[in-house]
Amino acid sequence: MFYLVCLIVLLMVLVSVGFFTLVERKVLSYMQIRKGPNKVGYLGLLQPFSDGIKLFVKEDLLPMNSNFIIYIICPMLSLIYSLICWVLLPIFYNFIEFNYGLLFFLCFCGIGVYFMIICGWSSNSVYSMIGSMRGVSQAISYEVSLSFFLIIYFILCDSYSFMNLSVCQNNSWFVFISFPVFFCWFSCCLAECNRSPYDFSEGESELVSGFNIEYGGGLFAFLFISEYSSIIFICLITCLLYLGGDFFCMFFYLKVILLCFLFIWVRSSIPRYRYDKLMYLAWKCYLPLSLNYFYFFILIKLIIVYHFFL
């Protein structure tokens, strides 16, 4: 039964990625006053399947000077990495329940950047190497603040498990008690997923396509699926953390869809940041704010414990 649940979740994630790309193309097209994909199937609903077949049927060309074994394996490992994250999906029965889900999540956030730099290095291209180096420095900058934004709520819950987040938000969502932190967290999530306006590792204007410039066909599809799977997973974690976390309610998954739409909305509305401005934002703005909120939540926890024992 456990393996059946894993297979169902895996298939649902892959189908969700396909239709998320369709939604993104539709939303971007209507924001630019055009139709978008509407020819394949009814209202373009079969477009994701058409794109998937096209990518996997195309011939994969290997760059002459690339480290071809690593070049081929790395996108597959990136896809596996993005799918393993879904074991944190909060289902009580027939699935894994981590008592230390927070530590698991933080470790996996740190691992993701390795696949980016290995893809860029193995391609043996100047553009891909610059893109991967940008991605590494970007990850070092925002992941410190991202960790603090995540830890402060687990201090309140007095647990490392994602399951307890919904219990602690029965009376009030965490977004109401820390509204500025929510926007800082969302901004860090955009950088985590390499999405506009922080898509420096994939900057088309100056890097042509960034770290994945040499990839095409099925290998590009693996990188593409892993990126969009990470976006959906980050939206799920955001709902667990800030918007109630009641994962047995259908309203919870509507909130996940709303956050996915927010990712698309930001991409269509905000131009790409300058690279040095993200460094300044992460180190000079987000880090002091996260530290202040960290001490503030510790103080709240001490007050709660003091009154409890009295």
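We did not get these values from a lab; they are worked out from the coordinates using the rules stated. Just so we're clear, the structure is a prediction, and the values are computed from it rather than from any experiment. No Cβ is skipped: glycine too gets one built from the backbone with ideal geometry, and neighbour counts run over all protein chains shown.
The reciprocal of the average 1/r between distinct C-alpha atoms defines the Kirkwood hydrodynamic radius, which for region 62-309 equals 19.1 Å.
Potential lengthening of the chain between CYS249 and TYR280 amounts to 7.2 nm, from the contour at 0.36 nm per residue minus the alpha-carbon distance. Among CYS189, LEU223, ILE8, which residue has its Cα positioned farthest towards the positive end of the charge dipole of the chain, with +1 placed on the Cβ of Lys and Arg, -1 on the Cβ of Asp and Glu, and the dipole taken about the Cα centre? Sorting the options by dipole projection puts first CYS189. What is the helix-to-structure angle for 217-242, meaning the angle in degrees between its Cα long axis and the longest Cα principal axis of the chain, kept from 0 to 90 and rounded to the nearest 10? The helix 217-242 is inclined about 20 degrees to the chain. Mean residue ellipticity at 222 nm, helices only, the chain: -23500 deg cm²/dmol; runs of at least 4 DSSP H residues each add -39,500 (n - 2.57), and the sum is divided by the number of residues.
Computed about its Cα centre, the charge dipole of region 62-309 is approximately 380 debye, with only Lys, Arg, Asp and Glu carrying charge at their Cβ.
Applying 1/(1 + (r/R0)^6) with r as the Cβ-Cβ distance of VAL23 and LYS58 and R0 = 30 angstrom yields a FRET efficiency of 0.80. A straight chain from ASN171 to PHE261 at 0.36 nm per residue would run longer than the Cα-Cα distance by 29.7 nm. Stretching ARG34 away from LEU287 to a fully extended chain increases their span by 87.0 nm, per 0.36 nm per residue minus the current alpha-carbon distance. Between region 1-33 and region 238-310, how far is it from one alpha carbon centroid to the other, in angstrom? Here the answer is 24 Å between Cα centres.
Between LEU77 and PHE49, the simple spin-label model (points 7 angstrom out along Cα→Cβ) gives 3.4 nm.
Quick one: grab the alpha carbon gyration tensor of region 138-283, order the square roots of its eigenvalues as a ≥ b ≥ c, and give me rounded if a/c is under 1.5, else prolate or oblate depending on whether a/b is larger than b/c. It is prolate, given that a/c is not under 1.5 and a/b is the larger ratio.
For region 119-163, taking Cα atoms only, Rg and Dmax work out to 16.6, 47 Å respectively. For the chain, the relative contact order works out to 25 percent when only alpha carbon pairs closer than 8 Å and six or more residues apart are counted.
Of PHE56, PHE252, PHE176, how do they rank once you tally other Cβ atoms within 10 Å and put the fewest first? Don't skip to the answer; put the middle values down first.
Values: PHE56 13, PHE252 18, PHE176 10.
Ranked by crowding around the Cβ, least crowded first: PHE176, PHE56, PHE252.
As a calculated quantity, the FRET efficiency between ASN65 and LEU14 at R0 = 30 Å, using C-beta atoms, amounts to about 0.35. Highest-first packing order for the peptide set 135-144, 22-31 is 135-144, 22-31, based on the mean count of other beta carbon atoms within 10 Å.
Restricting to lysines 8 or more places apart or on different chains, can you count the pairs in the chain with Cα atoms under 29 Å from each other? Summing the qualifying lysine pairs gives 12.
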